[in-house]
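The values are calculated or read from the model by the stated rules, or taken from the named source; none is laboratory data. Please read all numbers here as calculations on a predicted model, not as lab measurements. Neighbour counts are summed over all protein chains in view; Cβ atoms, including those assigned to glycine, are modelled from backbone coordinates with ideal geometry.
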Amino acid sequence: MPNMNNTYRSNYTIAELISKSITGTLNPDEEQDLNEWLKTKENKDLFDRISNADAISEKEEFYKRIDRHKVYDRLSSKISQNEQRKRRRKIINLAKYAAVFVGLITISTLWYNYKLQQDILVTEKTLSEIKPGYEKATLVLGDGQTIELESFQNQQIQSSGSAKIQNLNNVLAYEASAVGSGKKEVRKNTLHVPTGGIYTLKLPDGTMVWLNSNSSITYPEAFVEDKREVELQGEAYFEVVKDAKEFIVKTNHQDVTVLGTSFNVSAYQDDGFFATTLVEGSVRLQSEKTKPVLLKPSERAVYHFDEEKEIEVQRVDVRYYTSWKNGKFYFEHQSLGEILKKVGRWYGFDVKFDEPELEKISFTGVALKSNDVQDLLQMISKTARVEYSAVKTENGKYEIIISKK
């Protein structure tokens with residue numbers, strides 16, 4: 001961290017050089033120092049802005065009109081008559097130096113305001129580039145063929161093999177073929193949804209899956225085994241069609257087993273936890289590290305990767321964990337760290353907190369996912385009493401910085 005006293009001293013020195021340049025009182029050494037500082041384009045732009053500013057001209061005219069003798073008369077009224085003659089010259093000089101000092105403060109203030117204005121402009125420009133997510137995904141077929149679904153709207157992707165595959169109205173739909181349903185070995189496909197995306201998948205058995213941003217799901221083209229099994233990374237909402245075969249969602253840390261039900265699974269590795277929220281029906285959670293857990297509707301189970309604990313279960317309002325598929329953000333007493341990580345996956349930005357305790361601030365609110373990101377940030381700023389700024393990093397990523405208000 002830079003020494004703040006040195007920073008202030010440096011800023012004061014530059015402000016003094018600018019002031020002397022404007023008034024034409026630079027000596028050769030000072031002029032050389034100023035020219036060295038002006039070699040940077042940002043500094044040159046700042047100098048031009050300050051030296052041409054109407055405010056400086058007005059201040060300069062004001063200082064020129066200062067009558068130091070009148071200043072003296074006002075000050076001397078507070079000094080005893082016996083000391084007036086001795087201090088007359090000092091007071092006149094004091095008025096002169098005071099005028100210069102005020103001029104330096106004015107330039108420094110203009111400089112600070114200019115920097116602040118530039119930061120605001122950068123934030124506004126950056127936020128204008130950050131757009132809400134939309135339906136987009138990449139399909140990887142069993143033979144390795146990669147298909148960007150945005151380019152295959154309302155088209156049939158595969159008409160033979162284990163299943164017919166169509167991409168209709170942003171729903172990737174599978175229909176098991178008569179030939180494919182009798183095969184013992186079928187190819188597996190993977191659907192990837194990037195940051196800032198969402199997509200809907202209809203599996204061969206009719207089960208509907210809503211896949212959230214930065215997530216992927218791997219599944220067979222037809223369920224020919226004695227169980228229906230898919231693999232999930234990230235987050236998805238499932239509406240499982242009832243069947244005699246169990247439906248199993250495998251993740252890196254827990255397996256979710258059902259027959260027919262509606263539930264949400266969140267298994268982002270960078271979240272540090274696995275969570276399942278049950279809307280209706282029943283689900284069973286199991287893994288090698290924990291005891292099996294059976295969930296009831298409106299219950300949420302959470303398992304933390306790095307903690308030697310059993311699964312935690314609590315009753316919840318399921319809207320807060322499933323509304324993302326319906327175009328809304330619902331937050332209830334969640335930390336800003338959790339909230340902005342989720343929001344960042346949708347809008348495509350990283351988040352940075354100036355101080356660690358800001359991550360823990362609790363927030364409750366509702367927002368449409370179709371809104372501009374600035375609308376959500378303003379709501380959080382007013383409610384949680386924080387400030388935000390935005391930049392685009394050198395590698396092209398967007399970053400939101402949260403600081404104290």
Counting just the residues of region 249-285 that are surrounded by fewer than 16 Cβ atoms within 10 Å (Cβ to Cβ) and of a type in the set (S, T, N, Q), which one comes out farthest from Thr207 (Cα to Cα)? Gln269
Quick one: in region 231-248, which of the residues that are surrounded by 21 or more Cβ atoms within 10 Å (Cβ to Cβ) and not aromatic (Phe, Trp, Tyr) is nearest to Thr207 (Cα to Cα)? Val240
Which numbered condition Glu175 misses (of (1) part of a strand (DSSP E or B); (2) among the acidic types (Asp, Glu); (3) modelled with pLDDT under 90): (3)
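Each row is one residue, and each column tells you yes or no for (1) over 20 Å from Pro132 (Cβ atoms); (2) small (Gly, Ala, Ser); (3) surrounded by 14 or more Cβ atoms within 10 Å (Cβ to Cβ).
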| site | (1), (2), (3) |
| --- | --- |
| Glu312 | yes, no, yes |
| Lys328 | no, no, yes |
| Gly348 | no, yes, yes |
| Val351 | no, no, yes |
| Asp354 | yes, no, no |
| Ser370 | no, yes, no |
| Leu376 | no, no, yes |
| Tyr388 | no, no, yes |
| Ser403 | yes, yes, no |
Is it the case that region 140-149 has a residue that's over 36 Å from the mean Cα position of the chain (by Cα) and either modelled with pLDDT of 60 or more or outside the structural domain of Phe47 (by TED's automatic domain parsing) (or both)? yes
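Looking only at strands (runs of 3 or more DSSP E) that lie completely in region 275-342, which have at least 1 residues being farther than 21 Å from Val258 by Cβ and out of contact with any Phe, Trp or Tyr (no Cβ under 9 Å at 6 or more places or on another chain)?
Passing ranges, in order: 328-335.
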Which of (1) surrounded by fewer than 16 Cβ atoms within 10 Å (Cβ to Cβ); (2) modelled with pLDDT of 95 or more is the odd one out, the single condition Met208 does not satisfy? (1)
